[in-house]
Amino acid sequence: MDTQTYLTLGFTFLVGCFSGAYLYITVFSPQYVGDGFEDPSEITLRIQGQAYGGCDRAGSCPSFQLENNRKYTYKAPASYYDDAEALVVTGKMDRSSFKDLTNMLVDTNFAILQQRSDRNCESYVDGIDYHYEIILQGEQYGLDTCGTAFNGSALERSLRPLWETFATTSDDLPYILERGMTGAAYDAIDGWFQYDEKRAAQN
């Protein structure tokens, strides 16, 4: 075998070790930590959103969960009436928007937003309403756009765009996972040899 083949095999082995360790630490290991029970008092921030109303007829009401590490999961079940597949989108909210949302939550008087209101509910006329379960610094709050002061509030207007954002965006995979270990190794080796060839041509 030539030098390029040896370098490719060696680099592939190193990338494999690195990728395996990365996946274990970030994906597999957390699944086996603890007893599986989460105490809300130990959660700094979590936002769970659930749509309901007209979409219930088709069984396609979406939901999302946003964690304190800015990672989110958006789910939209498949409709009963068409062949569309269920949608699951994962990603990470940008730091600036997350900070703005967190600051707003900290400054929010949840008791006022939970007060009853005489406003009509969209879900009464086949529209969509939204229910949120928010855990903030160990305290749990339920907010609903139907029949409460939360509807139309500054917090509700800040949460509203998340549905579209989470449904249409996701994190890009790390380069090694997207290109593949072998592909990443070949790209790196080819880059080295192309650089050597260009330098030799210049001389």
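Just so you know, all these numbers are worked out from the coordinates, no wet-lab data involved. None of the values given here were measured: they were computed from a predicted structure. With ideal geometry, Cβ positions are generated from the backbone for all residues, glycine too; neighbour counts draw on all protein chains shown.
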Quick one: net charge around Gln115, please, counting Lys, Arg +1 and Asp, Glu -1 for every other residue with C-beta under 14 Å from its C-beta. -1
Given C-alpha coordinates of region 82-140, what is the ratio Rg to Rh with the Kirkwood estimate of Rh? 1.06
